Amino acid sequence: MEDTIRKFALQNAVFFKGKANPKAVVGKVLGGCPELRARAGEITPLINSITEEVNAMGLEAQTKALQEMDSSLLVKEKKERKYELPELKNVDGKVVMRIAPGPSGPLHIGHTRVSILNDEYVKRYGGDLVLRFEDTNPEKIDPDAYDMIPEDLEWLGVKCNRTYIQSDRFPLYYDYTRKLLEDGHAYVCTCNADHWRELKEKGMPCPCHDLPVEDQLERYDKFLAGGYADGDAVVVVKTDLKHPNPAVRDFVALRLVRTPHPKTGDKYIAYPMMNLSVAIDDHEMGMTHVIRGKDHLNNTHRQEYIFDYFGWKKPEYFHYGLVNIPDTVLKTSIIKQEIRDGEYSGWDDVRTGTVRALERRGIRPEALRRYWVEAGMKSVDIQFSWDGLYSMNRDIIDPVSDRFFFVADPVRYDIDGIDIIEGSAPLHPDHPERGDRTYRLEAPRTVFLAAEDSKMFYDSKKVRLKDLCNIDYGLPAKYAGNDVSVLRHGTKAIQWVGADAVKAKLLMPDGEVQNGLVESSIVSEKSDTVQLERIGFARIEKKDADGITMVFTHR
Ligand code: GLU
């Protein structure tokens, strides 16, 4: 036991400059050996005396002694937060999973959840991650999305190793539909849609439901050949008209749309509804696990009918709770309209919640990954927290973001009462090895303050220019020494830039642009994220003859 105590005392001493704290040692010993807890009263004096002995040794001897006893204790155990998902059920070797977006625009933050969860599992178990473009609604396709979505996934670090486009696969859907008709599991319905729905509500079949197979097939040929107008006929998969959940009763599998498709033009007019194409593809592509939101629960039930009719093995389905993402624009149609109207600059407009906008703002893909993994697979609905995401992002970018001063709407002051003013500030307070920003102000010792700070300076008559000196109000201002203790007596420290500052624009999340100046050392900054002191983190978007353009990330 004495050895155990000595080990922990040595470790505590080594970590704390040669002086172990007996209380901390007691905690360690009892924490590591719970069976000693009952004897705490007897052990404490022993711990105190051993700690005293250890403290008398000096750091060098302590380190040596600990090395000899147990060198593993010399390494500080880091308390890293673990981000881990629960195991999937019924994994048998490798998995096949998929991300199945509709190509109506680039991905937005909502899509990143399903993308990251699937990617995490395929990385864990090995197997295939399928990217499947679900482009079976010709009215909701943006042709650029076929390129933008893979770019967004790549930025997210999501690796898909198989890609399919549903509009390439229409003949397959038609063949399976024919089979369903032949087996009596589907019908071509020419009823009025509202009437059909009313009957369904009552659990009753429409007149088309029980027509003989030959009639169904005849109608189907006519359907595919364009013999019906849009809306005059649909192919319906039979389920159970008495199903307690009316949403699961017979569902539409194919409909007619005569809007040209961006990929296939007018080659096809019969368009599969998602439940048909998704079920067929999930089977054909060998999905083992399907992760989707709870909003798809009824779809899962419908799709299971198709699996049963064909006798296919179903994937394991998981439905996570819905997420409400506040304070951002996600709807593709709205973003598209605003771009067309010239209100938004593009898909990466910072007011939107697209992946592109997040990237542009300096959100790191790793932060999104941590966020969604931590949110996990729970079935309760959740509220997305921007602050939560920002805090994870901050952990990632803080160590790589050098510090700079930015002043918005600059106001000039010259400083009198001294010849030359010198000062310096670390590029990063936790990384002195990166060096300093050094300042040397010669006559007329010009500084620029943000308009707001200038007002405050006028009111309070004294400010501290951070990392430089104190000044008293006046035109010119008056040098007032370099005593930092003024801060304790109510003087405010503010950011400033010198005469060599560069022009800068800071794009804020509401789309407003702050014009200002940033200190000149930013020009040689290599990282694209920085921290503008007292303002927040920002991503450097552009450096050119006009100055620096930055995008605000978060505080
Ligand atoms: N395209 C559908 C969606 O993105 C497919 C989802 C699914 O089948 O899980 O909502």
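The values are calculated or read from the model by the stated rules, or taken from the named source; none is laboratory data. This structure is a prediction, so every number in the text was calculated from the model and none was measured. When we count neighbours, we look across all protein chains shown, and the Cβ atoms used for this are built from the backbone with ideal geometry, even at glycine.
Tabulated data
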{"read-out": "Check on LEU389, free of Cβ contacts under 8 Å to residues at least 60 places away in the same chain, hydrophobic (A, V, I, L, M, F, W, C), more than 13 Å from the ligand (Cβ to nearest atom) and surrounded by 17 or more Cβ atoms within 10 Å (Cβ to Cβ)", "value": "yes"}
{"read-out": "Subset of the range 456-511 (residues that are of a type in the set (S, T, N, Q) and part of a strand (DSSP E or B))", "value": "ASN470"}
{"read-out": "Test for ASP266: is it of a type in the set (D, E, K, R), away from the ligand (no atom under 13 Å from the Cβ) and under 25 Å from GLY203 (Cβ atoms)", "value": "no"}
{"read-out": "Residues that are within 14 Å of the ligand (Cβ to nearest atom), within 24 Å of the chain's Cα centre (by Cα) and not in a strand (DSSP E or B), drawn from the range 125-146", "value": "GLU134, ALA145"}
{"read-out": "Residue in the range 72-95 that is within 16 Å of the ligand (Cβ to nearest atom) and surrounded by 14 or more Cβ atoms within 10 Å (Cβ to Cβ) present", "value": "yes"}
{"read-out": "Per-region count, the range 328-352, residues within 24 Å of the chain's Cα centre (by Cα) and over 26 Å from ALA375 (Cα atoms)", "value": "11"}
{"read-out": "Filtered residues of the range 45-79 (kept if of a type in the set (Lys, Arg) and assigned to a helix (DSSP H, G or I))", "value": "LYS64"}
{"read-out": "ILE325, sole failed condition from (1) under 28 Å from the mean Cα position of the chain (by Cα); (2) within 16 Å of the ligand (Cβ to nearest atom); (3) closer than 19 Å to GLY102 by Cα; (4) among the β-branched types (Val, Ile, Thr)", "value": "(3)"}
{"read-out": "Positions within the range 504-540 being among the charged types (D, E, K, R) and either buried (at least 20 other Cβ atoms within 10 Å of the Cβ) or out of contact with any Ser or Thr (no Cβ under 8 Å at 6 or more places or on another chain) (or both), in sequence order", "value": "ASP510, GLU512, GLU519, GLU525, LYS526, ASP528, GLU533, ARG534, ARG539"}
{"read-out": "Failed condition for TYR479, given (1) within 25 Å of ARG364 (Cβ to Cβ); (2) in contact with a strand residue (DSSP E or B) (Cβ under 6 Å, 6 or more places away or on another chain)", "value": "(1)"}
{"read-out": "Residue satisfying all of: in the range 211-221; in contact (Cβ under 8 Å) with a residue 12 or more places away in the chain and more than 18 Å from ASN192 (Cβ to Cβ); surrounded by the fewest Cβ atoms within 10 Å (Cβ to Cβ) among these", "value": "VAL213"}
{"read-out": "Count - residues of the range 4-60 that are surrounded by fewer than 19 Cβ atoms within 10 Å (Cβ to Cβ), more than 47 Å from the chain's Cα centre (by Cα) and under 16 Å from LEU74 (Cα atoms)", "value": "1"}
{"read-out": "Flag if SER485 is of a type in the set (Gly, Ala, Ser) and at pLDDT 95 or above", "value": "no"}
{"read-out": "Residue satisfying all of: in the range 172-204; out of contact with any helix residue (DSSP H, G or I) (no Cβ under 7 Å at 6 or more places or on another chain) and part of a loop (DSSP other than H, G, I, E, B); surrounded by the fewest Cβ atoms within 10 Å (Cβ to Cβ) among these", "value": "LYS202"}
{"read-out": "Complete set of residues in the range 282-306 that are near the ligand (Cβ under 10 Å from one of its atoms) and within 28 Å of the chain's Cα centre (by Cα)", "value": "ASP282, MET287, VAL290, ILE291, ARG292, GLY293, ASP295, HIS296, ASN299, THR300"}
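Each row is one residue, and each column tells you yes or no for (1) free of Cβ contacts under 8 Å to residues at least 60 places away in the same chain; (2) over 29 Å from ASP546 (Cα atoms); (3) β-branched (Val, Ile, Thr).
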site	(1), (2), (3)
VAL463	yes, yes, yes
GLN495	no, no, no
GLY498	yes, no, no
LYS503	yes, no, no
GLU519	no, no, no
THR529	no, no, yes
